[in-house]
Amino acid sequence: MHIPFDFYSTEELSQVISRSAGILKVEIDDLGALEIAKRSRGTPRISNRLLRRVRDFTQVRHSGVINKVLAAEALEVEGVDALGLDRLDKLYLTTLSKNYDGGPAGIQAFSATINEDQQTLEDVVEPFLLKIGFIVRTPQGRRTTAEGFSHIGLKPHLDQSSGQGTLL
């Protein structure tokens, strides 16, 4: 049985983070909570995990209230970018874009290439990359979109909507 869920808004996640910070006895301002929320992929579980990472970073390197700058610094150190992509997301996007020229790539071959469980890719990585428009699923396989190429600093080799090369 597959139960679809909607992603939470940034504002909703910011409230979740503020509430969780109170439970953890961590001081966080509204902009700090918002910064973590923006990188939480629309998921409360992830927002709470990121809050704990930022808390740990703060306890080791700083003291006081978690603000926007401190939250951003902590999450960059953890490898979570401004959109919430982590190491595995970036590996997925980079491998699809470079090794497979943006696709199409079948999930079995692709999961073997990056040595990651197919189910993890389908359940954890792909939903968010699809939501933000960095990949598409086609009958032929996964493709990187122009936005996905741009995010990792590459130019698309193909028209990613049709799979056809461009004429010069």
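When you filter the chymotrypsin sites (Phe, Trp or Tyr not before Pro) in the range 1-80 for DSSP loop state and at most 16 other Cβ atoms inside 10 Å of their Cβ, you are left with PHE5, PHE7. Put simply, the amide H of THR43, placed in the peptide plane, has neighbours under 5 Å in TYR8, leaving out anything fewer than 5 places away on its chain.
Distances between placed amide hydrogens fall under 5 Å for ILE66 paired with GLU27, ILE28, ASP29, all partners being 5 or more residues away or on another chain. Dividing the convex hull volume of the alpha-carbon atoms in the range 10-77 by its residue count gives 66 Å³ per residue.
Dipole magnitude for the chain: computed about the Cα centre from +1 point charges on Lys and Arg Cβ and -1 point charges on Asp and Glu Cβ, it is near 160 debye.
A straight chain from ILE114 to GLN15 at 0.36 nm per residue would run longer than the Cα-Cα distance by 32.1 nm.
Is the range 87-151 best put as rounded, prolate or oblate by its Cα gyration tensor, with a ≥ b ≥ c the root eigenvalues, rounded for a/c under 1.5, and otherwise prolate when a/b is larger than b/c, oblate when not? Note, shape of the range 87-151 comes out rounded. Short-range pairs are left out: with C-alpha atoms under 8 Å and at least six residues apart, the relative contact order of the chain is 16 percent. Could you tell me how far the Cα centroid of the range 78-131 sits from the Cα centroid of the range 44-61, in Å? For the range 44-61 versus the range 78-131, the Cα centre distance is 24 Å. Taking the longest Cα principal axis of the chain as reference, the axis of helix 10-24 is set at about 40 degrees.
Computed from Cα positions, the angle between helix 44-61 and the longest principal axis of the chain comes to roughly 60 degrees. Of (i) 16.1; (ii) 16.6; (iii) 17.2, which one was derived for Kirkwood radius over Cα pairs in Å from the structure shown? Correct label, based on the coordinates given: (iii). In this simple spin-label model, placing a label point 7 Å from the Cα along the Cα-to-Cβ direction at both GLN59 and LEU130 gives a separation of 3.8 nm. Descending by average beta-carbon neighbour count within 10 Å, the peptides 29-35, 106-112, 120-126 line up as 29-35, 120-126, 106-112, the highest first.
Considering only DSSP states other than H, G, I, E and B, which trypsin sites (Lys or Arg not before Pro) in the range 21-112 qualify as loop sites with at most 16 other Cβ atoms within 10 Å? Loop-located and lightly packed - LYS25.
Throughout, read-outs are computed from the coordinates displayed, never taken from laboratory work. Bear in mind that the values here come from a model prediction, so they are computed numbers and not experimental data. Backbone-built Cβ (ideal geometry, glycine too); neighbour counts: all protein chains shown.
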